[in-house]
Structure formats: C-alpha cells, structure tokens
Amino acid sequence: MYDLKIVIIGAGIGGLTTGIALKKAGYQVEIYDKVKELRPAGAGISLWSNGVKVLNKLGLGDRMAAIGGQMNQMQYRSYKDELLNDISLQPLIEEVGQRPYPVARTDLQQMLLEAFPGTVKLGSKCVGFEDLGDRVTAIFEDGNTATGDLLIAADGVRSTLRPYILGTEIEPRYAGYVNWNGLVKASEDLAPKNTWIIYVGENKRASMMPVGGDRFYFFFDVPLPKGTSTPPEAISKELANFFAGWPQVVQNLIKQINPLETNRLEIHDIGPLETFVRGRVALLGDAAHTTTPDLGQGGCQAMEDAEVLTRYLLTTNISVEDALKRYENERKERANAIVLKARKRADQIHGKEPEVTQQWYQQLRQESPLDVTNAISKTILGGPLH
C-alpha cells in the first residue's frame, strides 16, 4: 500500500518510533500531542536488546549507543548487603546479538524527535475521531482536525481514544507499589559504573543502572496503598524512613538525589486487552498494553509495535483494515503475555504473597547467573526481531 497518510496521536517513545518507521517506509506522517512541552514520564528506561534492534533497523543504532549506558554486569544484594547473585551480561549479549542500553528518557525522546523527519504539533489535544470508511479524521479540542488513511492512538496509559476503540472505559489497574526514580552523577561510592545493582528486601527495592552522560538512573520501590502522596521537598526524608537500616550505599544514594527532580509514581498497568484495532484506528504502546516496569519491557514493546505495524502496511495489500488486523493479532499475543508476566513479577517482588517473595530471595541466592540471562534472553527473543 503506497501513498498513505498516517496521523499519530502521542509523541512519546511509541509514537515517535512509529513515525520514524513509517516515514522510512515512504508514508506521509503527522504527529500530534496534547502537551505544550514534551516532558517524559520517568527519568530512565532499561532499553533491552529487542527495543535496540528496532532502532538499529531504523538506522539509529550508533545514536542509541552514544546515549546509552555500558551495562556489563547485573548484581543482586540483600538489604543487609549480602551478595545474592553476580551476573555477567555477556552471555545474554551473545545469545540475542545486541547489548542492552539503559538510557535517560529525555535523551531517548530527544534522539527520536531529532530523527523524525517531520513536524510534531504540540498543544493539540485529540478528543475523538470520525471513521469515514476510506479515511479517518482526528478531532482536536481546539476545533482543528487531521484526516488520514489511518489513525494511530499512541496516547499513553490514560488514552483519550482507547474508549472509542474498545467501546468502554478501562481504568488502569494499580500494581500495589510506589516507584521513586531519577538521575544522579555516577560515582564509585554508589556502584561500579558498568554495573546494574539491585538491593532487595522487606518487599522493597533500591537500584542504580548506568546511563549515558556518566550518570546512574536510580529507582526505589515500596508497596503502599493507593492514594498516598508526599510533597517533593519531603521525598528524601520519606525514602530515608522507608530504607532505614539498609546498606551505606543506599543511604549515600538517598543523600545524593535531588528530591525536586525525583519522580514519585504510583505504578499501574492495563490489559490484557482483546482489541487493539477498530476499522482504521489502532492502539499502540501504553495505550494498548501499559506494563509494570518489572521486566523493563514497556518501551521495548512500543518499539516492537512500531516495527510490526509498519511491516504489515508494507507487505500486505488487501486493505488498511486488513493490515491493522494482522498487526492486532500478532501484537495482542506478544504484548498481552508481557503484561501478565510483568504483573506476576511485580507481585513476586513486592510481597503480594509474602512467602512467594521470600522464595524469590532464596532463589536469587541459588540461581546460576546463566539461568538469569537465559530467562531475559527468552523474553527478548520472543519479539519480532530475533
């Protein structure tokens, strides 16, 4: 199918990657977003090899390597500073054919913005659409419209367009824990600069991961009831209370964070959904399958969506609707499985059933490093680019 005009709602990781892929395929693409300024949700992202391979295919591999962290090792330690497992990621890299790149979200979004050969129209809140059979029109709050051959709703966890596609409202499901995250300067009193370190215990986590610019992306997880809040200036004190008695490295990290630049997020997911597509309109990324960050696959799944959607538009010529249905069938199976797998892991990590979490701590002590990397490889190789 040639000479398609495609309207994308949402300029996050999924929308921008899809826009780049579709432009490379020769299509006309317009991207719209409701925000007046693009500010990514969350400070960092662990971009595993399946996501990186999509960027490689789009010619962005060198740019990704320049902004990504060199993560060679993965280390689990207990909240009493006992080494539970020390894992080389080299076997994983050799198995899947690509190193992972933890990256600051702002750097990734900026790279994608620069790589998209078109205009992203900000301050454009899409409030609905009209499917006219042979084309579809996005309707914006300010009265403007945008008409194309298909419409991609990449507008996130609280998607405005999802209810129109599903025929019903879907409320994001609270995963049971709060996540604090941000960036700090890398230093040896925190962790080796090539190592992802995760402290676990008391159903909580404290972690640091190397990203570009000689920084660590850090996060803390604590299971809490829904609806708690803390003013930004009190975040350091809040974390000090939750992680009292944890190793000195964790105390050092809490002292070094800038609380005013630290995100405090209640973690939610969505799915599994049975429908990603209605006529000429397709859900993509978090709008279709918001995933808890416990597998590090949220951004990667949005990138896989971009690859699969573009491939079906290029390789099938029955109709736009047919190509979108093929996209839906392939992505529904893969992405829904990841949503459920990440949800199960979130419950395992955060003490939903305390005995299951205790078993996981014990497993970390006994598991061979190769078993860990093989499990990650299996997730990565289940995607469209093997």
Residues satisfying the stated conditions in region 113-140, i.e. among the polar types (S, T, N, Q) and within 16 Å of Ala282 (Cβ to Cβ): Thr137
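Is one or more of the residues making up region 267-286 part of a helix (DSSP H, G or I) and closer than 30 Å to Lys5 by Cβ?
There is at least one residue in region 267-286 that is part of a helix (DSSP H, G or I) and closer than 30 Å to Lys5 by Cβ.
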Residues of region 342-362 satisfying the condition of being over 26 Å from the mean Cα position of the chain (by Cα) and more than 21 Å from His268 (Cα to Cα): Glu355, Gln358, Gln359, Gln362
Residue match in region 133-151 (condition: surrounded by fewer than 18 Cβ atoms within 10 Å (Cβ to Cβ), within 21 Å of the chain's Cα centre (by Cα) and without any contact (Cβ under 8 Å) to a residue 12 or more places away in the chain): no
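Just to be sure, is Gln98 surrounded by 14 or more Cβ atoms within 10 Å (Cβ to Cβ), assigned to a loop (DSSP other than H, G, I, E, B) and either modelled with pLDDT of 95 or more or among the β-branched types (Val, Ile, Thr) (or both)?
For Gln98, the condition - surrounded by 14 or more Cβ atoms within 10 Å (Cβ to Cβ), assigned to a loop (DSSP other than H, G, I, E, B) and either modelled with pLDDT of 95 or more or among the β-branched types (Val, Ile, Thr) (or both) - is met.
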Given (1) under 13 Å from the mean Cα position of the chain (by Cα); (2) at pLDDT below 95, index of the condition Ile13 fails: (2)
Scope region 119-132; condition closer than 22 Å to Glu37 by Cβ and surrounded by fewer than 14 Cβ atoms within 10 Å (Cβ to Cβ); matching residues: Thr119, Gly123, Val127
Tabulated pairs, region 356-376, first touching a residue at least 12 places away in the same chain (Cβ under 8 Å), second part of a helix (DSSP H, G or I) and among the charged types (D, E, K, R), C-beta under 8 angstrom, 6+ apart or interchain: Thr373/Glu95; Asn374/Glu95
Selection count, region 316-331, where residues are without any contact (Cβ under 8 Å) to a residue 40 or more places away in the chain and either crowded, with 22+ Cβ neighbours inside 10 Å or in contact with a helix residue (DSSP H, G or I) (Cβ under 8 Å, 6 or more places away or on another chain) (or both): 1
Qualifying residue in region 28-35 (condition: among the basic types (Lys, Arg) and either more than 22 Å from the chain's Cα centre (by Cα) or over 19 Å from Pro210 (Cα atoms) (or both)): yes
Test: residue in region 60-83 that is more than 30 Å from Ala206 (Cβ to Cβ), surrounded by fewer than 24 Cβ atoms within 10 Å (Cβ to Cβ) and without any contact (Cβ under 8 Å) to a residue 24 or more places away in the chain: yes
Hey, Tyr174 under 23 Å from the mean Cα position of the chain (by Cα) and either under 30 Å from Gly133 (Cα atoms) or crowded, with 22+ Cβ neighbours inside 10 Å (or both) or not: no
Which listed residue, of Lys185, Lys204, is surrounded by fewer than 16 Cβ atoms within 10 Å (Cβ to Cβ), of a type outside the set (Gly, Ala, Ser) and modelled with pLDDT of 95 or more: Lys185
Inter-residue pairs, beta-carbon under 9 Å, first farther than 12 Å from Pro223 by Cα and in region 332-352, second aromatic (Phe, Trp, Tyr) and surrounded by 22 or more Cβ atoms within 10 Å (Cβ to Cβ), 6+ apart: Lys332/Phe276; Ala335/Phe276
Residue that is surrounded by the most Cβ atoms within 10 Å (Cβ to Cβ), among those in region 5-49 that are assigned to a loop (DSSP other than H, G, I, E, B) and among the acidic types (Asp, Glu): Asp33
Those residues of region 153-179 which are farther than 19 Å from Glu328 by Cα and not in a loop (DSSP other than H, G, I, E, B), in sequence order: Arg173, Tyr174, Ala175, Gly176, Tyr177, Val178, Asn179
Hey, Ser46 of a type in the set (Ser, Thr, Tyr) and either modelled with pLDDT under 95 or in contact with a His (Cβ under 8 Å, 6 or more places away or on another chain) (or both) or not: yes
Residue among Tyr2, Tyr76 that is of a type in the set (Phe, Trp, Tyr) and either part of a helix (DSSP H, G or I) or at pLDDT 95 or above (or both): Tyr76
Residue within region 53-70 that is in a strand (DSSP E or B), among the hydrophobic types (A, V, I, L, M, F, W, C) and in contact with a Gly (Cβ under 9 Å, 6 or more places away or on another chain) present: no
Where a residue in region 258-270 is among the aliphatic types (A, V, I, L, M) and its partner, wherever it lies, is in a loop (DSSP other than H, G, I, E, B), with Cβ under 8 Å and at least six apart: Leu265/Ala41; Leu265/Gly42; Ile267/Thr292; Ile270/Val157; Ile270/Ile170; Ile270/Pro172; Ile270/Thr290
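The values are calculated or read from the model by the stated rules, or taken from the named source; none is laboratory data. Predicted, not measured: the structure shown is a model, and the values here were computed from it. When we count neighbours, we look across all protein chains shown, and the Cβ atoms used for this are built from the backbone with ideal geometry, even at glycine.
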